[in-house]
Structures are given as C-alpha cells and as structure tokens.
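A.B. asks: Okay, here's the structure, questions in a sec.
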Amino acid sequence: MELSQRRPTRLRNYDYSNTGYYFVTICTHNRKNLLSNIIVGEGLPLPQLTIQGEIANKYILLVSKKYPSVKIDKYIIMPNHIHIIMCIDNNGRGNPSPTISNVIGWLKYNITKQINRKYNTIGTNVFQRSFHDHIIRDKNDYLKIWNYIDTNPQKWEDDCFYSE
C-alpha cells in the first residue's frame with residue numbers, strides 16, 4: 001500500500017527566522033474540543049478556558065522568555081485550535097534566531113507534556129501534526145487578521161474548525 005505524500009505547508013526557500021509578523025493556527029488532534037468552551041452570555045461570545053486551555057495559555061505567555069526575539073502580539077484559544085500573531089525580531093538577539101517552527105514545536109511539546117502529566121495520559125497526542133502559517137505582508141493584512149482573531153468566538157459555529 002502506498003502512503004499519500006504530505007503536502008509541504010511552508011514556502012520554499014523562505015527563511016522563517018526572518019524579522020516579521022506571522023499568523024499561526026495550531027489545531028488539536030482530531031479537532032477535539034478541549035482547550036475552551038465558547039460561552040454565550042449577555043455580551044459577545046467569549047472562550048472560557050478549560051484546564052487544558054489554561055496550560056496552553058501559560059506556555060503562550062512564556063514564549064518571549066524562552067525566545068527573547070519573539071513577541072506574541074495577539075492570540076486566542078478556541079475550543080479546538082489556537083490562533084497566534086507573533087513577531088520575530090532577530091536583530092542581534094538570539095543566535096541562531098528561532099524560526100516559527102522552533103517556537104510552535106516548543107509550544108506544542110510543552111503544552112502536550114503538561115496536559116499528559118496532569119491527566120496521566122503520557123504519549124497521547126494533544127495537537128495535530130504541523131500547523132498553518134501565514135506571513136503577514138503589510139498593515140492591512142495585519143489588521144484583517146487581528147480582526148479575524150477578535151471576532152472568531154462570535155463566528156464559532158460558522159468557523160471551518162467548528163465541531164460539536
């Protein structure tokens with residue numbers, strides 16, 4: 001039986017440690033809703049983090065300590081995925097400068113390790129392989145993505161990642 005080839009998700013010949021802004025989406029394994037619940041109340045729908053989501057939040061906030069040249073500019077933890085806008089500023093800091101793959105790999109590894117330790121489920125996948133990335137090209141692109149992250153909870157049931 002021949003296995004299907006995974007399509008590369010990264011731009012060929014692009015250095016992902018370049019200074020710039022990146023939009024990243026990380027999905028849970030089998031898009032299982034385990035990071036938050038979307039709560040609809042009197043105001044706008046908002047994600048209410050689960051214990052697993054709190055662990056994810058903790059490590060997102062630690063990214064800049066681990067990688068001083070990386071700043072998390074905006075993020076949201078949805079039930080089965082995380083959206084992040086990150087900025088890499090490799091101007092003289094960090095040698096070698098981290099790539100977004102380094103950062104996301106570190107995040108996924110540590111979140112998974114902590115969740116598995118907490119629930120005694122060592123070896124269980126928390127996230128899907130790989131991640132989606134988009135190189136933010138200009139201010140309009142940045143603002144469009146910022147708005148997408150802000151309004152994601154309100155559009156949850158129409159989201160391509162939605163599952164009950």
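The values are calculated or read from the model by the stated rules, or taken from the named source; none is laboratory data. For clarity, every value in this text was computed on a predicted model and none was experimentally measured. Note that we place each Cβ from the backbone using ideal geometry, even for glycine, and neighbour counts take in every protein chain shown.
A.B. asks: Counting only residues that are surrounded by 18 or more Cβ atoms within 10 Å (Cβ to Cβ) and either closer than 17 Å to ILE115 by Cα or in contact with a strand residue (DSSP E or B) (Cβ under 6 Å, 6 or more places away or on another chain) (or both), how many does segment 16-32 have?
C.D. replies: Number satisfying all stated conditions: 7.
A.B. asks: Something else about it: Which condition breaks for ALA56 when tested against (1) modelled with pLDDT under 95; (2) in contact with a helix residue (DSSP H, G or I) (Cβ under 6 Å, 6 or more places away or on another chain)?
C.D. replies: ALA56 satisfies all of (1) modelled with pLDDT under 95; (2) in contact with a helix residue (DSSP H, G or I) (Cβ under 6 Å, 6 or more places away or on another chain) except (1).
A.B. asks: Can you run down the residue pairs with Cβ atoms below 8 Å, 6 or more apart or on separate chains, where the first is in segment 108-133 and farther than 14 Å from LYS58 by Cβ and the partner is small (Gly, Ala, Ser) and surrounded by fewer than 14 Cβ atoms within 10 Å (Cβ to Cβ)?
C.D. replies: ASN116/GLY123
A.B. asks: Right, next: Condition first: part of a strand (DSSP E or B) and within 24 Å of TYR142 (Cα to Cα). Now tell me which residues in segment 13-37 satisfy that.
C.D. replies: GLY20, TYR21, TYR22, PHE23, VAL24, THR25, ILE26, CYS27
A.B. asks: Out of segment 30-72, which residues are touching a Phe, Trp or Tyr at 6+ places or on another chain (Cβ under 7 Å) and more than 12 Å from ILE111 (Cβ to Cβ)?
C.D. replies: The answer is ARG31, ILE38, PRO45, LYS66.
A.B. asks: Test LEU107 against the stated conditions and say whether it is aliphatic (A, V, I, L, M) and under 19 Å from HIS29 (Cβ atoms).
C.D. replies: Criteria met by LEU107.
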